[in-house]
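Accompanying notes for the structure given below.
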Amino acid sequence: MTIFSAYNDIKRQLKNAGIDEDIFEAKQIIKYVTGLSNEGILSNYQKELTSFEESNLSAIMKQRINRYPLQYILGRWSFYGREFKVGPGVLIPRQDTETVMEVVLEAIKDKDNPQVLDLCAGTGCIGITVACERPDSSVLLVEKYEEAAKYIKDNLKLAEDGAKLLMGDIFETCGGDKKYDLIVSNPPYVTEEEMLNLQAEVEYEPKTALYGGDDGLMFFRAIALNYKESLKKGGTLVFEIGAKQGDSVKQILQTVGYKNITVKKDYCENDRVVFGTVD
């Protein structure tokens, strides 16, 4: 089987399995199996796969057509131009969250040596990206679950010494007496009703990273209230939110006393980020 024929077969299987991004995923799988870049695939498309590559491809496709997440299969995923290690037990980085990064980096662009707190850190993709984009920053990532923290520990290598991990429960208020220029969180925000109708791939992700209480707002309420005093004067709180939660989270921040509250949409025109400042 040549690389070209394998690619076409992967696309067919993915499409038949109801996977929408069959072309994109077929490219990712071929790159993973062969170890070739996009350019390498184009220049070697008539090359025969080795028996090992064919066996590996077969094993991957058995998992993927059963809707096991491609990110978990590959063990890594790109976020904001960097490769983050992912796998069972941690929320998969999503392109929607890159909108959060844009807000975060804009909020600290005029800050010298910004102090940043990342709550419910997961893979660490937000906080670690801040540390990489702003080498002068100091970032503390807070994660409760060891299953997720093991990925953070690997991904911290991307940031060298710019970010650190703290194991802790955000409901017990983490970060000590330190004041931060920015606090960011992509917390669990899926509602009770939505948990009953998750996409097939999302079913494999940890429920602790998804479920945000009956109305999906439990974490927003706790963080907005309990961490307000952890922000410096003029500091910013940034949340990733669900597509229908813009007004609700904005109201939470208003009630607690945040100012300059803004709702920002993602690239698909869904509400994705709510942020506000403290006096």
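Listed values, structure above:
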read-out: Partners for LYS233 among aspartates and glutamates (Cα-Cα distance below 19 Å; same-chain residues under 8 apart left out); value: GLU106, ASP110, ASP112, ASP118, ASP177, ASP181, ASP279
read-out: Three principal axis lengths of the stretch 157-279 [C-alpha, angstrom, descending]; value: 41, 35, 29
read-out: Length added when fully stretched, ASP169-ASP110, from 0.36 nm per residue minus Cα-Cα; value: 18.2 nm
read-out: At most 12 other Cβ within 10 Å, DSSP loop - trypsin sites (Lys or Arg not before Pro), the stretch 137-218; value: LYS178
read-out: Local electrostatic count, PRO206, Cβ distance below 12 Å [Lys/Arg +1, Asp/Glu -1]; value: -3
read-out: Under Karplus coefficients 6.51, -1.76 and 1.60, residue-wise ³J(HN,Hα) of the stretch 273-279 in Hz, glycine/proline x; value: 9, 10, 9, x, 10, 10, 6
read-out: Cβ-derived FRET efficiency at R0 41 Å, MET195 paired with MET1, nearest 0.05; value: 0.50
read-out: On Cα atoms only, tilt of 97-107 relative to the major axis of the chain in degrees; value: 40 degrees
read-out: ³J(HN,Hα) computed for each position of the stretch 252-266 - Karplus, 6.51 cos²θ - 1.76 cosθ + 1.60, integer Hz, glycine/proline x; value: 4, 5, 4, 4, 6, x, 6, 10, 6, 6, 10, 10, 10, 8, 8
read-out: Where the stretch 21-99 is the region considered: accessible area per residue in Å², 1.4 Å probe; value: 52 Å²
read-out: Helix 51-64 axis, angle to the chain major axis (alpha carbon atoms, nearest 10°); value: 50 degrees
read-out: Local net charge near ILE126, Cβ-Cβ under 9 Å (Lys/Arg +1, Asp/Glu -1); value: -2
read-out: Heavy-atom accessible surface of the stretch 1-71: percent carbon and sulfur, 1.4 Å; value: 51 percent
read-out: Candidates per chymotrypsin sites (Phe, Trp or Tyr not before Pro) in the stretch 1-51, loop by DSSP, up to 10 other Cβ within 10 Å; value: none
read-out: Unsatisfied cross-links (Cα-Cα over 29 Å) in the set LYS15/LYS85; LYS109/LYS207; LYS85/LYS207; LYS85/LYS265; LYS11/LYS265; LYS27/LYS157; value: LYS109/LYS207; LYS11/LYS265
read-out: The chain: calculated mean residue ellipticity at 222 nm from DSSP helix runs of at least 4, using -39500 (n - 2.57); value: -11000 deg cm²/dmol
read-out: Low-density loop positions, GluC sites (Glu not before Pro), the stretch 153-195 - DSSP coil, at most 10 other Cβ in 10 Å; value: GLU160
read-out: Computed Rg/Rh of the stretch 1-156, alpha carbon atoms with Kirkwood Rh; value: 1.06
read-out: In order through the stretch 131-146: 3J(HN,Hα) via Karplus (6.51 cos²θ - 1.76 cosθ + 1.60), integer Hz, x for Gly, Pro; value: 4, 6, 6, 10, x, 7, 7, 10, 10, 10, 9, 10, 9, 8, 9, 5
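The values are calculated or read from the model by the stated rules, or taken from the named source; none is laboratory data. On a predicted model such as this, the values are computed, not experimentally measured, just so you know. Backbone-built Cβ (ideal geometry, glycine too); neighbour counts: all protein chains shown. Quick note on the areas: whole protein, heavy atoms, side chains included, nothing else; ligands and nucleic acids left out. Shrake-Rupley method; radii C 1.70, N 1.55, O 1.52, S 1.80 Å.
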